[in-house]
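**Student:** Before I ask anything, here is the structure I am working with.
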Amino acid sequence: MRIGILSRNPKLYSTNRLVEEAKAHGHEVQVVDVLRCYMNITSSKPTVYYKVKGERKELVFDAVIPRIGASVTAYGTSVLRQFEVANVYSINESVAITRSRDKLRAHQLLARKGVGMPITGYANRADATDDLIEFVGNAPLIVKVLRSTQGKGVLLAETYKAAESLINAFRDLETDFIVQEFIKDAGGSDIRCFVIGDKVIAAMQRSAKEGEFRSNLHQGGTAKLIKLRPQERVLAVKAAKVMGLDLAGVDIVRSARGPLVLEVNSSPGLEGIEAATQKNIASEIINYIEKDILKGPNKVTGKG
């Protein structure tokens, strides 16, 4: 099988591991920078091209693994759509990726399907600031920029005054954001569930460093193996399916009212989860593609 990995940086741990395991499974593999791709959009032969040392090359794959960074979501998913038009299999489809990247849309879809989440508020008007704070149970609360990853653009307001100032500042900057309940019960920890298909194949607990509320490993958090409760496994798989993702990192927190979904990530990193669990996640991904591609290139994704 010819596999293309859509990644801007071939040196990244996750990209390297996928290349290693694809080759170990006997497949041809190529890492492709989506920003160097360009397309011939035609009904007769939709094509994606790539410049290699000044020479135009048509990209022909049986399957692609999108590792599209948040900063290039728009163009990256356009390239992915072109592969989809050409009936190339993708473990995650373009619509599912764009759906999960928009935090507001993602939360609305999860809420529609009854997935437990922290209470979340959103408004456009400055005179709604007090209402937003009230909706989420007052301070402390979390303010999140709608399009961000790795804990960037996620801020904690510990007092009512700080929350008011932060919300108004974001609005003055014309930045789209949501206001979210702060889950004190979590104690600065969350759980990353790595979902492939209908299963959680690995899970780790991430804990924030001292003086920090974000547990992301990119923000200095630490990770360890954790045993999931049955309810948490069901929730993680359901959240991934609502987004239409076959490969997802679902972040949940434990609270007094049960597990709650914080976010669904369409390009979850492999380094932290492989180190914490000692599982060969990259190989599991290739195994899944080998089986799932037999169903055909066009899978049914969630609505929304």
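Values in this text are rule-based calculations from the coordinates and carry no lab data. The model shown is predicted, which means the values in this text are computed figures rather than measured ones. Every residue, glycine among them, receives a Cβ derived from its backbone with ideal geometry; neighbour counts consider all protein chains shown.
**Student:** Just to check, using Stokes-Einstein with a Kirkwood Rh over alpha carbon pairs, what's the diffusion coefficient of segment 119-182 at 25 °C and 0.890 mPa s in µm²/s?
**Tutor:** Rounded to a whole number, D works out at 217 µm²/s.
**Student:** Scan around residue 247 for amide H atoms under 5 Å from its own, H built in the peptide plane at 1.01 Å from N, and keep only partners 5 or more places away or cross-chain.
**Tutor:** Correct list: 197.
**Student:** Counting other C-beta atoms within 10 Å, which of 25, 107 has the fewest, and how do the rest follow?
**Tutor:** Ordered by Cβ neighbours within 10 Å, fewest first: 25, 107.
**Student:** In vacuo Debye scattering of the chain, one point per C-alpha: log10 I(q)/I(0) at q = 0.09, 0.10, 0.15 Å⁻¹?
**Tutor:** With no solvent term, the Cα-only Debye profile gives -0.47, -0.57, -1.19.
**Student:** Using the Kirkwood radius over Cα pairs, work out the Stokes-Einstein diffusion coefficient for segment 185-295 at 10 °C and 1.306 mPa s, in µm²/s as a whole number.
**Tutor:** 112 µm²/s
**Student:** Further question on the same structure: Amide H to amide H, which residues 5 or more places from residue 117 or on other chains are under 5 Å from it, using H placed in the peptide plane?
**Tutor:** 261
**Student:** Determine one quarter of the surface area of the Cα convex hull of segment 2-95, which equals its mean projected area, and express it in nm² to one decimal.
**Tutor:** 6.2 nm²
**Student:** I would also like to ask the following. If you wrap a convex hull around the Cα atoms of segment 44-85, how much volume per residue is inside, in Å³?
**Tutor:** 95 Å³
**Student:** For every helix of n ≥ 4 consecutive DSSP H residues, a contribution of -39,500 (n - 2.57) applies; sum these over the chain, divide by its total residues, and give [θ] at 222 nm rounded to the nearest 500 deg cm²/dmol.
**Tutor:** -9500 deg cm²/dmol, from helical runs alone.
**Student:** Further question on the same structure: Going through the cross-link list 144/209; 11/51; 184/224; 51/291, which pairs have a Cα-Cα distance over 22 Å in this structure?
**Tutor:** Beyond 22 Å: 51/291.
**Student:** Then there is this: Sorting 35, 59 on the 10 Å Cβ count, fewest up front, what's the list?
**Tutor:** The fewest-first ordering by Cβ neighbours comes to 35, 59.
**Student:** Continuing with the same structure: If each residue's Cβ is checked for other Cβ atoms within 10 Å, how do 159, 129 rank with the fewest at the top?
**Tutor:** 159, 129
**Student:** Among the aspartates and glutamates, which fall within straight-line cross-link reach of residue 57, defined as a Cα-Cα distance under 17 Å, with same-chain neighbours fewer than 8 residues apart omitted?
**Tutor:** 28, 33
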